[in-house]
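First up is the structure itself, then whatever we jot down about it.
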Amino acid sequence: MLVVGDVLVDVVVRPDGPLQPGSDTAASTALAGGGSAANTAAWLADAGVPVVLAGAVGDDALGAGARADLVAVGVDDGGLAVVAGVATGTCVVLVAPDGERTMLPDRAANEHLTRADVDRAWAVAGGPRAPSRLHLAGYTLIHPGSRAAGRHALDRARAEGVPTSIDASSAAPLRAMGAAAFLDAAGPVDLLFANDVELDALGGEAVALSSCAAIVVKHGAGGATWTDGRTRLDVAAAPTEVVDTTGAGDALSAGYLSAAVAGADPGAALEAGVVLAARAVASVGARPT
């Protein structure tokens, strides 16, 4: 399987209380792997799916560490480009007491992903054949530097008959880009992953289904829904103690896709998704522990 998109290093900050503007707020911090595509690839590998990640890191210590972290969880890094003279993407993640997170990303090397990088990763993932499936992080289309690479990946998948999925990624940048522009950049895809706020930013279920054959809607503590506009399947969230919601949506996507690759129907795939999401929110950081 091939996953295309962002690779980040997260600086996870958990303030001990309300932020004190212009002064100090005690906090605990941790460096952790991040980036929606990288997180999804890591959870796929954890679920036993052979996965190649097409992404870009800088030629710095953070980039080397990001690559090593991905390899350690089983992701094939043969599709990762190293961009000379550019920093690896980073993201400050502020985690509230209820586990909700606010993100401050610096995309850096992610804006330098190219069509050639996608083609190289495609060859690694597919060998003599095409990859079994393509999953794209929506950030790749939202941001102009990586948009051509993202569109190329989706176009190539459609041309070669490879099933496609895309994650809507984040509501605020979706609104800034515009729903019509995002859906036009994506083109027709087999499956869209979005949370409730992201789906609203895209214009709602009917609008999204005009471009996507089916949608998985992530409701957080409310579980998840699959629909193709005719049939609707709802699955409750798996019980867990919420510590940090960072990466929960990526884990749900990976759980769903890992089951789908193995031949599961949408209901069983949703169940697998919420189980991985529950694991993700039970620990700090966006990756498997």
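In order along the range 77-94, the phi-based Karplus estimate (6.51 cos²θ - 1.76 cosθ + 1.60, θ = phi - 60°) of 3J(HN,Hα) comes to 8, x, x, 7, 8, 10, 9, 5, x, 10, 6, 6, x, 10, 8, 7, 10, 8 Hz; Gly and Pro are listed as x. Taking label positions 7 Å along the Cα-Cβ direction at both ALA176 and ALA221, the computed distance is 3.0 nm, reported to one decimal. Taking all protein chains together and rolling a 1.4 Å probe, ARG120 ends up with roughly 90 Å² accessible.
Which net charge results for the neighbourhood of GLY223, defined as the other residues with beta-carbon distances under 14 angstrom from its beta-carbon, given Lys and Arg at +1 and Asp and Glu at -1? Net charge in that neighbourhood comes out at -1.
Heavy atoms of the protein chains alone define the surface here; on that basis the chain has 40 Å² accessible area per residue at 1.4 Å probe size. Structural descriptor for the range 204-289: relative contact order 28 percent, calculated from alpha carbon pairs under 8 angstrom and at least 6 residues apart.
Each part gets one Cα centre, and for the range 1-37 versus the range 221-289 those centres are 22 Å apart.
Charged side chains reduced to their Cβ positions (Lys and Arg at +1, Asp and Glu at -1) give the chain a dipole of some 600 debye around its Cα centre.
Would you rank GLU205, GLU198 by solvent-accessible area, highest first, keeping every protein chain in place and using a 1.4 Å probe? Kindly include the intermediate steps, with their values, before the conclusion.
Working: GLU205 60, GLU198 15 Å².
Final ranking, largest accessible area leading: GLU205, GLU198.
Convex hull volume of the Cα atoms in the range 164-289, per residue, in Å³? Numbers along the way, then the final one.
Values: hull volume 12.0 nm³, N = 126.
So the per-residue hull volume is 96 Å³.
In order along the range 97-102, the phi-based Karplus estimate (6.51 cos²θ - 1.76 cosθ + 1.60, θ = phi - 60°) of 3J(HN,Hα) comes to x, 8, x, 5, 10, 10 Hz; Gly and Pro are listed as x.
Quantify, in whole percent, the carbon and sulfur part of the accessible surface of the chain (1.4 Å probe; protein heavy atoms only).
Numbers: 6420 of 11510 Å².
Carbon with sulfur: 56 percent of the solvent-accessible area.
The slack in the chain from ALA264 to ASP59, taken as 0.36 nm per residue of separation less the alpha-carbon distance, amounts to 69.8 nm. Dividing the mean sequence gap of close Cα pairs (under 8 Å, 6+ apart) by how many residues the range 62-164 holds gives a relative contact order of 22 percent.
Write down the percent of antiparallel bridges among all DSSP beta bridges whose residues are both part of the chain, to the nearest 5.
Values: 22 of 51 bridges.
About 45 percent, rounded to the nearest 5.
Measuring nothing but how far apart in sequence close Cα pairs (under 8 Å, 6+ apart) lie, relative to its length, the chain scores a relative contact order of 18 percent.
For the range 1-156, build the convex hull from the C-alpha positions and give me its volume per residue in Å³. If you can, show how the numbers build up before the last one.
Numbers: hull volume 19.0 nm³, N = 156.
Enclosed volume per residue, from the Cα hull, is 122 Å³.
Once the chain from ALA236 to SER210 is taken as fully extended at 0.36 nm per residue, the excess over their C-alpha distance is 6.7 nm.
The values are calculated or read from the model by the stated rules, or taken from the named source; none is laboratory data. The structure presented is a predicted model; accordingly, all values stated were derived computationally and were not measured. Positions of Cβ are generated from backbone atoms using ideal geometry, with glycine treated the same way; all protein chains shown enter the neighbour counts. Side chains are part of the model used for accessible areas, which takes the heavy atoms of the whole protein and leaves out ligands, DNA and RNA. Shrake-Rupley method; radii C 1.70, N 1.55, O 1.52, S 1.80 Å.
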